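Enquirer: Below are the structure tokens for one structure; questions will follow.
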Amino acid sequence: MEAAPLYAGKAKSLYPTDDPDQLLMVYRDDATAGNGAKHARLAGKGELNAAISAVAFGWLEAEGIPTHFLGRVDPVTHRVQALRMLPVEVVVRNRLAGSLASRLGQPEGMALPEPVVEFYYKDDALGDPMVLGEHLVALGKMDLDQVGRVRASALAVNRILAARLGRAGLELVDFKLEYGLSRGGELLVGDEISPDTARLWDRATGERLDKDRFRRDLGELVPAYREVLDRLERDHATL
């Protein structure tokens, strides 16, 4: 990309196009943890996340969940719809892991009787605190209708992803979603859906095939992400 990015996050950059309603999202090879305290560049990571996200967005679109994904431009670039992003990260949890296990003082891996949906207010200065939907309404960041629609969408996304990943022998432990509004006010799933934003465990062995490998020094990251993509492609080939 020759143009300067409109936005550069921890592992992706957004670039303008000739259409103000469309952007190019470029997946980089950066890996970060601890809010950027740990950083590395891992060759091939961006391409794998771009491919996995494209598959996941395709699943959602096929099931009637609108997303910002418009297509792949090259191995690391998606064309996406420009959105006004809501200042919230939505985390859906199917098993105890990560910060939830720590908060509850329980070992990781326990299945939850029902999925748990958490909202985190996106504010770097505050450390993205967990909040209630009502807090976001009180701050004027979302309205009650948006809170309800985001929650319902996140649960629908969970059902779709859990089923499709399960066919590939992957347990969807938890994952993060981001949402935004199109120019016309439509609520769309944005950002990415990849092992960077989801915990994926091998159903047979419990091996972690996600970013926890980098966070916790559990082994090489790129081969694990490649394994995830290979499984998704094999499953698709059997349909």
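The values are calculated or read from the model by the stated rules, or taken from the named source; none is laboratory data. The shown structure was predicted, so the numbers you read here are calculated from the model rather than taken from an experiment. Glycine gets a Cβ as well: all are built from the backbone with ideal geometry, and neighbour counts include every protein chain shown.
Enquirer: Of all residues in the range 167-202 being β-branched (Val, Ile, Thr) and either in contact with a helix residue (DSSP H, G or I) (Cβ under 6 Å, 6 or more places away or on another chain) or touching a residue at least 60 places away in the same chain (Cβ under 8 Å) (or both), which is surrounded by the fewest Cβ atoms within 10 Å (Cβ to Cβ)?
Expert: Out of the qualifying residues, it is 173.
Enquirer: Next question. Do the conditions hold for residue 232, that is, is it in contact (Cβ under 8 Å) with a residue 60 or more places away in the chain and not assigned by TED's automatic domain parsing to the domain that holds residue 45?
Expert: yes
Enquirer: Given the structure, is residue 161 in contact with a Gly (Cβ under 9 Å, 6 or more places away or on another chain), of a type outside the set (Asp, Glu) and in contact (Cβ under 8 Å) with a residue 12 or more places away in the chain?
Expert: In short, no.
Enquirer: Can you tell me which residue is farthest from the chain's Cα centre (by Cα) among those in the range 4-27 that are at pLDDT 95 or above and small (Gly, Ala, Ser)?
Expert: 13
Results for (1) of a type in the set (A, V, I, L, M); (2) closer than 21 Å to residue 210 by Cβ, shown as yes or no for each residue.
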| residue | (1), (2) |
| --- | --- |
| 9 | no, yes |
| 13 | no, no |
| 22 | no, no |
| 25 | yes, yes |
| 54 | yes, yes |
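Enquirer: Shifting gears a bit: Keeping to the range 94-117, report how many residues are assigned to a loop (DSSP other than H, G, I, E, B) and of a type in the set (Gly, Ala, Ser).
Expert: Number satisfying all stated conditions: 3.
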